[in-house]
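The values are calculated or read from the model by the stated rules, or taken from the named source; none is laboratory data. Computed from a predicted structure; not experimentally measured. All Cβ positions, glycine included, derive from the backbone under ideal geometry; neighbour counts span all protein chains shown. To get the accessible areas, we keep the full protein, side chains included, count just its heavy atoms, and leave off ligands, DNA and RNA. Shrake-Rupley method; radii C 1.70, N 1.55, O 1.52, S 1.80 Å.
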Amino acid sequence: MSFSSLNLAHAIDPILQIADSALLRPLKTEDISSNYIDSLNTPIVRKYLSTQGGSQYNNTNVTQFVLQNDTASDCILFGFFVKGIHCGTCRLHDIRQQNSWLGLAIFDTTLWGQGWGRKIITAVSNYALNQLQTEEVLAAIDPQNVGSQHAFAKSGFHVLVDEKLTRADGVITEIWQRKLNQG
Ligand SMILES: CC(C)(COP(=O)(O)OP(=O)(O)OC[C@H]1O[C@@H](n2cnc3c(N)ncnc32)[C@H](O)[C@@H]1OP(=O)(O)O)[C@@H](O)C(=O)NCCC(=O)NCCS
């Protein structure tokens, strides 16, 4: 599949239903709330995320981020909604035929440990592999982020033992991979 047909597939906003009460859909600027911004600034949520030098999130930079993602042809910023409430995001980015990258954060920490991470990672990587037909989905995970490693492993990812990635903030991460028919 050519990259232009990947773009075409992206042209229709995908809605991924992951439970009766929960879905993922592209995030829009209308979804931005003070709760979303405050959550992005919560130390426990951002502990393992690349946070651009530790800068704080505010209405201006979050709006810019959501707009950039909404208009870009090579990424999708999914909002995770439970009973209509915005509880997290999952970003598929650098979408290419060869590979695409996935990152997520569940802002509502009361939802952690209930299987939502696994469901989100599985649904979005399924979408990338089956609908966008990217050949592999990759994730950069801080080796200290045990919860994330468990959630990705449960979603069919495995660590690439000889590969590391140095993030813009200097953290050396491991690279996890899922290919079609590998879990
Ligand atoms: C990482 C994150 C997405 C995990 O989501 P989650 O909904 O808590 O994960 P799940 O409930 O699907 O967990 C999947 C498995 O990992 C296990 N797990 C989750 N957190 C764990 C932890 N801190 N320690 C050990 N195991 C953990 C769960 O028990 C589950 O295993 P089980 O199915 O055998 O019970 C969530 O904690 C989060 O958003 N953290 C902040 C942002 C972040 O770190 N993002 C990842 C960047 S790569």
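Brief remarks on what is shown
- The range 71-97 and the range 134-181 have Cα centres separated by 18 Å.
- Shown for the range 3-179: the carbon plus sulfur share of the solvent-accessible area, taken with all protein chains present and a 1.4 angstrom probe, equals 51%.
- The tail of the calculated P(r) for the range 77-126 beyond 12 Å holds 63 percent of all Cα-Cα pairs.
- Once you divide the Cα radius of gyration of the chain by 2.2 N^0.38 Å, the number left is 0.97.
- Label reach from L165 (point 7 Å along Cα→C-beta): in the range 74-96, amide nitrogens under 14 Å belong to 75-76, 91-96.
- Added length on full extension, which subtracts the Cα-Cα distance from 0.36 nm per residue, D108 to H158: 15.4 nm
- Per residue, the range 9-50 exposes 56 Å² of accessible surface when a 1.4 Å probe is rolled over the protein heavy atoms with every protein chain present.
- With a simple spin-label model that places each label point 7 Å from the Cα along the Cα-to-Cβ direction, the separation between D13 and D74 comes to 2.4 nm.
- With protein chains left intact and a 1.4 Å probe, residues in the range 102-142 average 38 Å² of accessible area per residue.
- Here, the range 101-183 has an Rg and a Dmax of 12.6, 35 Å when only alpha carbons are counted.
- Cα-based reach from K154 at 26 Å (exclusive), listing lysines while leaving out same-chain residues under 8 positions away: K47, K83, K119, K164, K179
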